[in-house]
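Here's the structure we're looking at; comments come further down.
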Amino acid sequence: MKTEIKPEFLVSPFLVSFLVHGTQYGVGVLSFQRELAEFVGHDAWISIIITGFIIHILIWMIYTMLNNDKGDLFTIHQRTFGKWIGNLFSLLFILYVLTMAITVLRSYIEIVQVWMFPLLKTWPFALVLLLIVYYVVTSGFRAVTGICFLAVVFPAYLILTFFVPIEFSNFRNLLPIFDHSIYDMAKSIKGASLSFSGFEYLLFYYPFIKNPASSQKYAHYGNLFTTLLYLLIMIVTLAFFDQEYLKIVIWPTLMMWKIIKLPFVERFEIIGVTTWAVVMMPIICLMFWSASRGIKKLFKVKQKKALVVLLFICFTISCFLTERETIQQYNQWASEIGFYILFCYLPVLFVCYHIRFKMRKKI
């Protein structure tokens, strides 16, 4: 069963680099340093390189399956496991996407509540954000791609801010190199999985790309840019902070922004948090577009109706996550799920797909 999309709904292959990077570079940038340093300390920058390399391999696996099948996640599941079991796996993947969407939304709202408006209620802010998501997603995939492009270009000036702490940094903090065990490195890679997630939505929007096979290099470019950006932030963070302090600070990136002083603004981190709304929105939009399209294909319902139900579920769960400890536990749980989906399930799916593919060729 191949997915046929009208030409006017397709996007150019080079935009895949913005889709991949735009979904990887999210709220995790504000806190990922602590999660990695907790396991490997000053060697955390090495786990960034290893994780980026693994993601390149996973992107290659995804494109290998998609290029052979000329479909999407749902056709791959059905041809690999059959209709019923395949649809069950697809439904579980949709639930994973919804879980990630709630994580991104609630994490950003928490940052706004802590750093800007301590008395802000969760429900009105979540409602406004989700109404914007509904408007963008119902406008079609090209609109979602457009805001992913803007989300990469518009906040690009923030990259320059990561060079400011270098003046106050001590790069001897990165020594000695390779000072941790392979087991500790593996745990840090597991912690980085949530920050690097987002590339897997290729499995949903692949049919909406013109000449989709030619977009593979752009997907790799997007992941490469994410890896280099994370590497820069990680190295500067390790050089700027004391390791023991880094293990307890919740949002290291925001703490580094606090040292930036401008004549027209006293607290630059407020500018950073505000700008991050532009970074965060396309991630949520693409997640809900993917999940609602998946519901449409599985249950033969209109995508708008599926979207409303998913947004309501997200809104309800987000409002129940009120305490910092509860949010942290939910994020850890989501990170665990993300790790097993990306680093365990996708390789298993790749192997099972090719075994089934070779069996069909023999028949």
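In table form, for the structure just shown:
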| item | result |
| --- | --- |
| Rounded to whole Å, sorted largest first: equivalent-ellipsoid semi-axes of the chain, Cα gyration tensor | 34, 24, 19 |
| Where Cys344, Cys148 fall by accessible area, highest first, once all protein chains stay in place (1.4 Å) | Cys344, Cys148 |
| Apportionment of accessible area to carbon and sulfur, region 167-305, percent (1.4 Å) | 63 percent |
| Probe 1.4 Å - accessible area at Asp184, Å² to nearest ten | 40 Å² |
| Net charge of neighbours whose Cβ lies under 15 Å from the Cβ of Thr326, counting Lys and Arg as +1 and Asp and Glu as -1 | -1 |
| Rounded, prolate or oblate (a/c below 1.5 giving rounded, otherwise prolate when a/b exceeds b/c) for region 238-303 by Cα gyration tensor | oblate |
| Where the chain is the region considered: accessible area per residue in Å², 1.4 Å probe | 45 Å² |
| Value at 222 nm in deg cm²/dmol, rounded to 500, when DSSP H runs of n ≥ 4 in the chain each add -39,500 (n - 2.57) | -23000 deg cm²/dmol |
| Relative contact order, percent, the chain [alpha-carbon distance under 8 Å, six or more residues apart] | 39 percent |
| FRET efficiency estimate (nearest 0.05) - Cβ-Cβ, Leu91 to Leu228, R0 41 angstrom | 0.70 |
| Helix 122-138 axis, angle to the chain major axis (alpha carbon atoms, nearest 10°) | 40 degrees |
| Percent carbon-and-sulfur accessible area, region 1-45, ignoring ligands, DNA and RNA, probe 1.4 Å | 61 percent |
| Region 293-363 shape via C-alpha gyration tensor axes, a/c threshold 1.5 | oblate |
| Of all accessible heavy-atom area on region 312-363, the percent that carbon and sulfur account for (1.4 Å) | 69 percent |
| Estimated distance in nm for a label pair at Phe320 and Ser12, the labels positioned 7 Å out from Cα along Cα-to-Cβ | 4.5 nm |
| Given the chain, longest segment not containing exposed loop GluC sites (Glu not before Pro) (DSSP; at most 15 other Cβ within 10 Å) | 5-265 |
| Restricting region 12-112 to trypsin sites (Lys or Arg not before Pro) in coil, as DSSP defines it, with at most 10 other Cβ within 10 Å | none |
| The chain: angle of helix 44-69 to the longest principal axis, Cα-based, in degrees nearest 10 | 10 degrees |
| Crossing angle, helix 216-240 versus the chain [Cα axis fit, 0-90 degrees, rounded to tens] | 20 degrees |
| Shape call, region 1-152: gyration tensor on alpha carbons, a/c limit 1.5 | oblate |
| Of Gly71, Met100, Ala239, farthest towards positive along the dipole that unit charges on Lys, Arg, Asp, Glu beta carbons give the chain | Gly71 |
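The values are calculated or read from the model by the stated rules, or taken from the named source; none is laboratory data. Note that this is a predicted model, so its numbers are computed, not measured. Here the Cβ is made from the backbone with ideal geometry for all residues, glycine too, and neighbour counts use every protein chain on show. The area values use the complete protein model at the heavy-atom level, side chains included, leaving out ligands, DNA and RNA. Shrake-Rupley method; radii C 1.70, N 1.55, O 1.52, S 1.80 Å.
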